[in-house]
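The values are calculated or read from the model by the stated rules, or taken from the named source; none is laboratory data. On a predicted model such as this, the values are computed, not experimentally measured, just so you know. Here the Cβ positions follow ideal geometry from the backbone for every residue, glycine too, while neighbour counts run over all protein chains shown.
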């Protein structure tokens, strides 16, 4: 199986086609949350809210930045009142995007446009590299982990030092918490050390920080504090791009709705970046999904809907945690090695030949994505719990 950027979607498509034919399939490819009965975790009231948003006001163009009501509600959902002061003082601006992908893509373009270098984690969602290529952004990889399986601050430091004098600026992508594909979650100290490093080197080279927080609703709440504290502690010269998605939270995967928050202690930098990103959005997708924005605003204005959503998310987190514990217990029993997992949709297994293992498993109708030559990503989010049992042994036997 030739490894390619779209291998995740390709394998998911193959699995779905076999399911349509009535074959028994184990599908651990796609980053979508499924309940054990195979359904998306969407409460009936959410479906009914979606169904009624087909009026003229839902189908017309919105503004490029999206509805202000939606943007304010989204920030409140993800960050509470942590950024109220920044929004009021114009140190933060928000635009609606086509999912978290849209937010990351225009952040890459904006932050690297003027002789900038993009720093990507070497073990990451493959689409980062595609976005970098499509935006003509030069990039290098930093290793995710140090020898103690912690966040690799020293590796980032080395790249920064090597970039001084070669590039005008650099932009660092950090996917946290619940990193895709490992489920790694940074500690408070790791965030503190990263901020200290960037603040030190921004005197020598321009720096931007792109936060991909697509899975934050599946992490411990303390992760929100780590990120908001970090953003506010960055030097005035550093612009932060916070990329958010409602795909994972509401299971609105195909509706493609998210947002980009731009933050800096320099209001002029925020203003300029906001205008640039609006024009990029205009050129990439024109305007965001009006129906999805109005539906989400309707739901988040309703206290009962918010209560139900939060309870559903808690249940989904518990279900993913249950699945991860089952798999990791059996992985240890079968002698498998994996990257550090904290929470979230994915676990990554270390193998010698990921493509070979994936091919062997696919012949048994077990679909898992080889995201690197030596890494298999298991999407425990989309696998019924009963299919988790025995999966580790199948992987072991396929090597």
Among the residues of region 19-54, which ones are in a helix (DSSP H, G or I) and in contact (Cβ under 8 Å) with a residue 24 or more places away in the chain? 45, 46, 49, 50
Tell me, which helices (runs of 4 or more DSSP H) wholly within region 80-145 include 3 or more residues that are at positive phi, in contact with a helix residue (DSSP H, G or I) (Cβ under 8 Å, 6 or more places away or on another chain) and outside the structural domain of residue 222 (by TED's automatic domain parsing)? none
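For residues in region 251-269 being farther than 30 Å from residue 44 by Cβ and touching a helix residue (DSSP H, G or I) at 6+ places or on another chain (Cβ under 9 Å), which is surrounded by the most Cβ atoms within 10 Å (Cβ to Cβ)?
Residue satisfying both the conditions and the ranking: 260.
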Among the residues of region 160-176, the number that are more than 23 Å from the chain's Cα centre (by Cα), within 19 Å of residue 240 (Cα to Cα) and either not in a strand (DSSP E or B) or not assigned by TED's automatic domain parsing to the domain that holds residue 215 (or both) is 2
Is at least one residue of region 249-268 more than 22 Å from the chain's Cα centre (by Cα), touching a residue at least 12 places away in the same chain (Cβ under 8 Å) and assigned to a helix (DSSP H, G or I)? yes
Go through (1) out of contact with any helix residue (DSSP H, G or I) (no Cβ under 8 Å at 6 or more places or on another chain); (2) part of a helix (DSSP H, G or I); (3) farther than 30 Å from residue 237 by Cα; (4) in contact (Cβ under 8 Å) with a residue 12 or more places away in the chain one by one and return the number of the condition residue 293 breaks. (1)
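Can you name the residue in region 206-236 that is part of a loop (DSSP other than H, G, I, E, B), touching a residue at least 24 places away in the same chain (Cβ under 8 Å) and out of contact with any strand residue (DSSP E or B) (no Cβ under 7 Å at 6 or more places or on another chain) and, of all such residues, is surrounded by the most Cβ atoms within 10 Å (Cβ to Cβ)?
Restricting to residues being part of a loop (DSSP other than H, G, I, E, B), touching a residue at least 24 places away in the same chain (Cβ under 8 Å) and out of contact with any strand residue (DSSP E or B) (no Cβ under 7 Å at 6 or more places or on another chain), the top hit is 215.
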Inside region 32-66, the number of residues satisfying the requirement of being in contact with a strand residue (DSSP E or B) (Cβ under 6 Å, 6 or more places away or on another chain) and not assigned by TED's automatic domain parsing to the domain that holds residue 215 is 0
Could you grab me the full set of residues in region 371-390 that are farther than 20 Å from residue 316 by Cβ, in contact with a strand residue (DSSP E or B) (Cβ under 9 Å, 6 or more places away or on another chain) and at pLDDT 95 or above? 374, 375, 376
